[in-house]
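Trainee: Structure provided below as structure tokens; questions to follow.
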Amino acid sequence: MNYLAHAYLSFNNPGILVGNMISDFVKGKKQYDYPDTVQKGIRLHRAIDSFTDQHPATREAKQLFKPAVGAYAGAFIDVVYDHFLAADETELAEPDLLIFANGVYSQLAEQQSLLPEKFAGMLPYMTSQNWLYHYRSEYGIEKSFGGLVRRAAYLDDASPAFWVFRKEYTALQNYYRAFFPEVKTFASSYLTELLSQ
């Protein structure tokens, strides 16, 4: 799951949101430097990632991308899932998506002091370019794929992955539909358990 899904699966809890969004920027014991609720958000993020990686729909979806991007297939599927969540009228109708995205940026900005340096440096670009909202469009996904390629060690062209995305669009949407209700239920239950501790 990518930024939109992790934000959405924070269930409107500001501390959980921070942890869920910064988790990939927090290594090892550094997680214990954060307030308790943020630590729980980091744990939630990691549990969601494990659930996602092990889900049969994700495993099958990765096979569509492996010929184009090899070991990076999972990272591209994370972005694809965000696209289908952004376009999912049962979860986030278009006006609600825009309101939700702006709310996420505001909450993160309000807790700027908790953000790791790299994430804090990225947040102005995420906000000004409205990444969370633009996952909804093909253009936004193409830009996100380009960003993945720039960070990848051995990829230099996003177009093969984008071609797969367009060619296999219906199949990928079906994988999302099989997967997302289950990860949402899992995340809600896991968060309830974390907050009771």
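Trainee: What dipole magnitude, in Debye to the nearest 20, does the chain give about its Cα centre under +1 on Lys/Arg Cβ and -1 on Asp/Glu Cβ?
Mentor: Details: 18 positive and 22 negative charges, 108 e Å.
Dipole magnitude for the chain comes out near 520 debye.
Trainee: Which of 69, 128, 98 sits closest to the plus end of the dipole of segment 3-195, meaning its Cα is farthest towards the positive end, when Lys and Arg get +1 and Asp and Glu get -1 on the C-beta?
Mentor: 69
Trainee: Counting only pairs 8 or more residues apart or on different chains, how many lysine pairs in the chain have their Cα atoms under 17 Å apart?
Mentor: Details: 27/40; 27/118; 29/40; 30/40; 30/118; 40/184; 62/167; 66/167.
Taking the chain as the scope, the lysine pair count is 8.
Trainee: Pulled fully out, how much extra length does the chain show between residue 173 and residue 188, if you take 0.36 nm times their separation in residues and subtract their Cα-Cα distance?
Mentor: Details: separation 15, 0.36 × 15 = 5.40 nm, distance 2.24 nm.
Length gained, residue 173 through residue 188: 3.2 nm.
Trainee: Also, I was wondering about something else. For segment 68-108, rounded, prolate or oblate, judged on the Cα gyration tensor with a ≥ b ≥ c (square roots of eigenvalues), a/c < 1.5 rounded, else prolate if a/b > b/c?
Mentor: Values: a/c = 4.69, a/b = 1.85, b/c = 2.54.
Oblate shape, in that a/c is at least 1.5 and b/c is the bigger or equal ratio.
Trainee: Running a GNM on the chain with Cα contacts under 10 Å, which residue among 137, 106, 128 ends up with the highest mean-square fluctuation?
Mentor: Judging by the Gaussian network model, the answer is 128.
Trainee: If you don't mind, there's one more thing I want to ask. Test of understanding: what is the full-extension gain from residue 96 to residue 49, defined as 0.36 nm times their sequence separation minus their Cα-Cα distance?
Mentor: Numbers: separation 47, 0.36 × 47 = 16.92 nm, distance 2.49 nm.
Contour length minus Cα-Cα distance gives 14.4 nm.
Trainee: Taking the structure as given and computing Rg/Rh (Cα atoms, Kirkwood Rh), which label from [x] 1.00; [y] 1.20; [z] 0.94 fits?
Mentor: [z]
Trainee: Something else: Label segment 1-115 by shape, choosing from rounded, prolate and oblate, from the square roots a ≥ b ≥ c of the eigenvalues of the Cα gyration tensor; if a/c is under 1.5 it is rounded, and otherwise prolate applies when a/b is larger than b/c, oblate when it is not. Before the final figure, lay out the partial values.
Mentor: Values: a/c = 2.29, a/b = 1.28, b/c = 1.79.
In terms of gyration-tensor shape, oblate.
Trainee: Treating only the Cβ atoms of Lys and Arg (+1) and Asp and Glu (-1) as charged, compute the dipole magnitude of segment 84-197 about its Cα centre; round to the nearest 20 debye. Each step should come with its number before you reach the end.
Mentor: Working: 9 positive and 14 negative charges, 57 e Å.
Charge dipole of segment 84-197: 280 debye, to the nearest 20.
Trainee: What does the net charge come to around residue 2 if you take all other residues with beta carbon closer than 12 Å to its beta carbon, with K and R at +1 and D and E at -1? The partial results should precede the final answer.
Mentor: Numbers: positive: none; negative: 24, 49, 78, 82.
Charge balance near residue 2 sits at -4.
Trainee: Can you give the extra length, in nm with one decimal, that the chain gains between residue 12 and residue 27 once fully stretched, where that is 0.36 nm per residue apart less the Cα-Cα distance?
Mentor: Taking residue 12 through residue 27 to full extension adds about 2.9 nm, to one decimal.
Trainee: Now a separate question. Have a look at 55, 83, 134 and tell me which one the Gaussian network model of the chain (Cα, springs below 10 Å) gives the largest fluctuation.
Mentor: Per the Cα network of the chain with a 10 Å cutoff, 55 tops the list.
Trainee: Between residue 59 and residue 112, what's the calculated FRET efficiency when r is the beta-carbon distance and R0 is 41 Å? Round to 0.05.
Mentor: Details: r = 37 Å, r/R0 = 0.91.
With a Förster radius of 41 Å, E is 0.65.
Read-outs throughout are calculated quantities, based only on the coordinates presented, and are distinct from any laboratory measurement. Quick caveat: nothing in here was measured; it's all calculated off a predicted structure. Please note: Cβ atoms are built from the backbone with ideal geometry, for glycine as well, and neighbour counts cover all protein chains shown.
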